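For reference, the structure discussed in these notes is given below.
The values are calculated or read from the model by the stated rules, or taken from the named source; none is laboratory data. Because the structure is a prediction, the values reported are computed rather than measured. Reconstructed Cβ throughout: ideal geometry from the backbone, glycine too, with neighbour counts over all protein chains shown.
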There are 2 protein chains.
Amino acid sequence: MKIGVITIGSELLNGSRLDTNAYWIAKNIIAYNGEIICKKSILDIEDDIFSALDDFLKTSADMILITGGLGPTHDDITANSLYKYFDDEPIFDSSYWEKLKKRYTSKGFDVRNLNKSQALVPSKGEVIQNKLGTARGLCFNNGNTKIIALPGVPSEMKSMMNESVFPMIQQSSNISINYKILRTTGISESKLFKNLEELINKFSDVNIAFLPSILGVDLRISSKNKLSFDTLLKDIFSVIDFYIYSDKNESLEEVVSKILIDKKITLSTAESCTGGHIGDRFTNVSGISSVYMGGVIAYSNTLKINLLNVDEKILNEHGAVSEQTAINMAIGVQKKFSTDIGISSTGIAGPGGGTDKKPVGLVYIGIAHNGIYKAYKFNFNHDRISNKMITAQVALNILRNTLIKLDK
Amino acid sequence: MKIGVITIGSELLNGSRLDTNAYWIAKNIIAYNGEIICKKSILDIEDDIFSALDDFLKTSADMILITGGLGPTHDDITANSLYKYFDDEPIFDSSYWEKLKKRYTSKGFDVRNLNKSQALVPSKGEVIQNKLGTARGLCFNNGNTKIIALPGVPSEMKSMMNESVFPMIQQSSNISINYKILRTTGISESKLFKNLEELINKFSDVNIAFLPSILGVDLRISSKNKLSFDTLLKDIFSVIDFYIYSDKNESLEEVVSKILIDKKITLSTAESCTGGHIGDRFTNVSGISSVYMGGVIAYSNTLKINLLNVDEKILNEHGAVSEQTAINMAIGVQKKFSTDIGISSTGIAGPGGGTDKKPVGLVYIGIAHNGIYKAYKFNFNHDRISNKMITAQVALNILRNTLIKLDK
C-alpha cells in the first residue's frame, strides 16, 4: 500500500522539533507492507492543509496519513479543515461529550473553557479511538484513497497506529509480510554488502535494506514469500553470524546483559578514554545490578596506579595508552571488585593528545576473566564523542564474543 | 524571507534516516530572518521532483531549498531534473573536470567509471562552491523565487549553507536580525512562561520561542529592533538569571568544565544510579583531563563501603538511597581521589526497586568541597534512562551553582 504522510504544526518547521512521527511511521509501516511515497510538513493554516490534500490526492497514494492539530486549542484546525474539505456536516456526539466533561472536571479543569469540537464525529467518515488521550482520530474515504488524521502527540499517535491503522493497512493489502531486523556491529556496510551480494541477487523476491549508523549496520529484511524469506535468513546467518548480535531489535547492552544475568557472571569496568560511557550503557538495562558491580573511571595515571594497581613501571615504559596498561586495568578492576570479568578501555579520544606514534583514535580494550587476559588494539578516526561511542560499542562486542565462547 | 524546503532521497521515506537536514536548516535560518513555510520529502523520481517544484512555486516562498541527489551515482537525478525543469542546456566545465579527475585518481578511483555530470554548470543559473566535496550546488531564478539545490551529505550541506546560502538570505532580506539562544535548566516551561509573561507582552516586537527538552528549556529570542532586543535580554536575565547556564549555545558540561579549568578546581565523581553517565558527560569535553580525575561507579553496597568508605552502619540505618549515603559517597570519593570537589548520585532509576517510602525516581545528589558537604533530594517521575539523564543534568547544575558561589 502506498502512503503519503502530512505532518501539521509550526513546531515542525521552526526548528523546535525533529519530525520523529513521520520517521516512526516510515520505520514501522514496512512490516505491514506499507510504503511511504512522499511526506509534507505544513503550518496550521487551512489553505495549506487544502493544498497539501489537493497535492497528495493527485499522487498514487492509497492512504493519506495526517498527524497533528487535533487538540482542543485554537491552533488545532485539522478536524475543521477536513470537515470543510470533504464537505462533511459533523454530528455532535453527546455521550462522548459527557465523558470528556467528566475527565476534565476530575483534573480540575474548567469545562466552560472546553472546545466542543473534540466531541464531533464526521457524518461521512468514521472516528478512530484514542486510548491515551481525548482527541480521537478521523477517517474519510475519497474514491479509493483513505484519509486518516491522528493527534501529533507521539504516544497517542503510536498507540492509534498500532491499534487501528496498521491492522487496516494489513487487512487491505491482504498479504502478510515476513519481516525481521538483524543488528550487526564490527563490519562496515560495504564489507557486509560484499559478503551478502550473492545471496541478495539469488533471492530477488526478498527486500534487504542496509541501515548504517556509527555503531553498526542494521539489516531490514522483508518479503511476501515465506519460503524465500526463511531460506535467505538462514543463509545470511551462515555467512555473517559472527557479526549479528540481535534479531529481536535489542541494543547490544541488552544482549550482553541478558547473557551475564542468565549465566550469573559478574562484571566490573575500568574506563579511561570512555570516561564512564560503558558503565552508563550497562546501567541503562533494567535488572543489571545483579551482575554489574560497578567500575572505576580512571582518567588520571595516579588513579590507574592507586585504584587499579597498574604498576607504575608499566605506565612509564609503555604509556597509559598501551596493551599492557589495558590488560592491567582489566585485571586490576576484576580483582578489586571481585568480579568474574573485568573490562577496560584506554585510548586517545582527541582532538588533542595525539602523537605520531600514538595518534588520536588509538584505543586498547582489555579483558580479564578466570586468569586469562587479552588486549585488543584499534585505530578509530572520528571526533572525540564518536571515538568514545565506538570504543564502548567494540568493548561490549568483545565481551559478547568472550561470553559466547565461555558457553561452549 | 519565506522558504520552502524539499529533501530528496528514499532513505528519508523508508525509515532509514531521520530528516535532520531540514531540522538543522529550520533551526539556523531564523538568525538570518528566514522562515520555513513548508517542507516536503520525496523519492528520487523526476516526476515527483517536477510536481514538488510546481507545488512550491505556487506558494509564497521566496526561496526553494533542495537537498539531496546531487552525487555521482545513477540515483542522483536532482541536477538533471532541474536542468530539464528550467529548460537549461548545461555547459561542460572542463577545468573542474580536470580537478575532479585528479581528486578521484589520487583516491585510487577508476575515472572511466566517473559520471561527467558533476562537472556541468547551468547556462541560466549559477553554481555554489562546495569546499568539502565534489558535488557543487546549483542556483536558479524563477521570477522572484530563488531555487537552490545542495548535496544531502550533512557536513557539505551545512558548510555550503554557512558559506553561501545564509549570506544570500541575509543580503536579500536587508535587515539584520538580533538573535540569541538562552539555555535554561531546573525550571519547567510553564513556570518559565509565567515568569516571563509580562515581559513577553511588553516587548511585542521581539519573538521568543520556548524549546523544551527533557534536560531543560531553550529560549530562542529574535528581533529586528536592536533596542527592544537588548532591553528585553537584560530584563530576562534580571528575572531568571539563576536558571540560565549559557547564552552561547553551550552544553551544561562545557559550561561547568570551563569554570573548573579556569579556576583549576579538581573534581571526582561517585555514581550509583547514574552508572557512569556524569563521568561520560564530563569526558565529552575536550581538555577536561586537567581537572576531572575520574570516579567510581559504585553500583553495589560492598563497593560503596570498600571503595568510598561509606560506613556500613549508615547503609544499614538509612539505606543506599538516602541523604547520608549521598553525602558520604561524595566525601569518600573526594578524599580517595584527592580532589577539591566530590559529587555523588544515588537513587532508584526504576522500573524495579521502588517501595512506598522510596519510590522509583527518588534521587539524592551529594556534594563535598573544603570540608563542607550537602545533599539534595529529588523525585523524578520518568522511565529509567530519562531518570538517569535528568539526575546527571541536575548534578551538573548543582555543581555549577556551587562553583559560582565559590566565586564570590
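Evaluate the following for B:I365: is it in contact with a strand residue (DSSP E or B) (Cβ under 6 Å, 6 or more places away or on another chain), within 22 Å of B:S322 (Cβ to Cβ) and either touching a residue at least 60 places away in the same chain (Cβ under 8 Å) or away from chain A (no Cβ under 14 Å) (or both)? Please lay out each step first, then the result.
Values: in contact with a strand residue (DSSP E or B) (Cβ under 6 Å, 6 or more places away or on another chain): yes; within 22 Å of B:S322 (Cβ to Cβ): yes; either touching a residue at least 60 places away in the same chain (Cβ under 8 Å) or away from chain A (no Cβ under 14 Å) (or both): yes.
For B:I365, the condition - in contact with a strand residue (DSSP E or B) (Cβ under 6 Å, 6 or more places away or on another chain), within 22 Å of B:S322 (Cβ to Cβ) and either touching a residue at least 60 places away in the same chain (Cβ under 8 Å) or away from chain A (no Cβ under 14 Å) (or both) - is met.
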Quick check on my filter: what residues within the range B:368-397 are closer than 22 Å to B:E250 by Cβ and of a type in the set (A, V, I, L, M, F, W, C)? B:M389, B:I390, B:A392, B:V394, B:A395, B:L396
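Kindly indicate whether B:T134 is at pLDDT below 95, touching a Phe, Trp or Tyr at 6+ places or on another chain (Cβ under 9 Å) and closer than 23 Å to B:I6 by Cα. Before you say what the answer is, go through the steps one by one.
Values: at pLDDT below 95: yes; touching a Phe, Trp or Tyr at 6+ places or on another chain (Cβ under 9 Å): yes; closer than 23 Å to B:I6 by Cα: yes.
It is true that B:T134 is at pLDDT below 95, touching a Phe, Trp or Tyr at 6+ places or on another chain (Cβ under 9 Å) and closer than 23 Å to B:I6 by Cα.
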For the range B:19-38, give me the residue count where each residue is among the charged types (D, E, K, R) and either farther than 21 Å from A:A22 by Cα or touching a residue at least 24 places away in the same chain (Cβ under 8 Å) (or both). 1
Could you tell me whether any residue of the range A:68-88 is crowded, with 18+ Cβ neighbours inside 10 Å, among the charged types (D, E, K, R), within 13 Å of chain B (Cβ to nearest Cβ) and touching a residue at least 12 places away in the same chain (Cβ under 8 Å)? no
Which pairs have Cβ atoms under 6 Å, sit 6 or more apart or on different chains, and link a residue in the range A:196-209 that is within 14 Å of chain B (Cβ to nearest Cβ) to one that is basic (K, R)? A:A209/A:R220
Specify the residue that is surrounded by the fewest Cβ atoms within 10 Å (Cβ to Cβ); the eligible residues are those in the range B:209-231 that are of a type in the set (V, I, T) and within 19 Å of B:Y245 (Cα to Cα). B:I214
Subset of the range A:257-281 that is touching a residue at least 60 places away in the same chain (Cβ under 8 Å) and of a type in the set (A, V, I, L, M) - its residue that is nearest to the other protein chains (Cβ to nearest Cβ): A:I278
Out of (1) more than 19 Å from A:M168 (Cβ to Cβ); (2) more than 8 Å from chain B (Cβ to nearest Cβ); (3) acidic (D, E); (4) surrounded by 17 or more Cβ atoms within 10 Å (Cβ to Cβ), the odd one out for A:D62 is which? (1)
Take the residues of the range B:319-360 that are more than 14 Å from B:N379 (Cβ to Cβ) and basic (K, R): which is surrounded by the fewest Cβ atoms within 10 Å (Cβ to Cβ)? B:K335
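Per-residue answers, yes or no, for (1) over 21 Å from A:T20 (Cβ atoms); (2) of a type outside the set (K, R):
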| residue | (1), (2) |
| --- | --- |
| A:I66 | no, yes |
| A:I77 | yes, yes |
| A:D88 | yes, yes |
| A:E98 | yes, yes |
| A:K124 | yes, no |
| A:G133 | no, yes |
| A:F140 | yes, yes |
Of the conditions (1) touching a helix residue (DSSP H, G or I) at 6+ places or on another chain (Cβ under 8 Å); (2) loosely packed, with under 15 Cβ neighbours inside 10 Å; (3) within 8 Å of chain A (Cβ to nearest Cβ), B:E312 fails just one. Which one is it? (3)
Unmet requirement for A:N284, which otherwise passes all of (1) farther than 18 Å from A:M389 by Cα; (2) at pLDDT 95 or above; (3) within 13 Å of chain B (Cβ to nearest Cβ): (1)
Is it the case that some residue within the range A:296-318 is under 17 Å from A:N397 (Cβ atoms), assigned by TED's automatic domain parsing to the domain that holds A:S386 and of a type in the set (F, W, Y)? no
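Before we move on, is A:D218 outside the structural domain of A:N144 (by TED's automatic domain parsing), part of a strand (DSSP E or B) and free of Cβ contacts under 8 Å to residues at least 60 places away in the same chain? Full working, then the answer.
Numbers: outside the structural domain of A:N144 (by TED's automatic domain parsing): yes; part of a strand (DSSP E or B): yes; free of Cβ contacts under 8 Å to residues at least 60 places away in the same chain: yes.
Criteria met by A:D218.
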If you go through A:K101, A:K116, the only one that is surrounded by fewer than 20 Cβ atoms within 10 Å (Cβ to Cβ), within 16 Å of A:D76 (Cβ to Cβ) and basic (K, R) is A:K116
Taking the range B:261-281, which residues are surrounded by 23 or more Cβ atoms within 10 Å (Cβ to Cβ) and part of a helix (DSSP H, G or I)? B:H277, B:I278, B:G279, B:D280, B:R281
Mind checking which residues of the range A:231-259 are assigned to a helix (DSSP H, G or I) and within 21 Å of the chain's Cα centre (by Cα)? A:Y243, A:L252, A:E253, A:E254, A:V255, A:V256, A:S257, A:K258
Filter the range B:22-46 down to residues that are under 19 Å from the mean Cα position of the chain (by Cα), more than 24 Å from A:E46 (Cβ to Cβ) and at the interface with another protein chain (Cβ under 7 Å from one of its Cβ atoms), then give me how many there are. 3
Heads up, the helices (runs of 4 or more DSSP H) in the range A:2-87 (entirely inside) with at least 3 residues that are among the acidic types (D, E) are A:46-57
Which condition from (1) touching a residue at least 60 places away in the same chain (Cβ under 8 Å); (2) within 14 Å of chain B (Cβ to nearest Cβ); (3) of a type in the set (V, I, T) is the one that A:I341 breaks? (2)
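Got at least one residue in the range B:88-105 being under 17 Å from B:K146 (Cβ atoms) and not in a helix (DSSP H, G or I)?
At the first step, the residues of the range B:88-105 found to be under 17 Å from B:K146 (Cβ atoms) are B:88.
From what is left, the residues that are not in a helix (DSSP H, G or I) are B:88.
Scanning the range B:88-105, I find at least one residue that is under 17 Å from B:K146 (Cβ atoms) and not in a helix (DSSP H, G or I), so the answer is yes.
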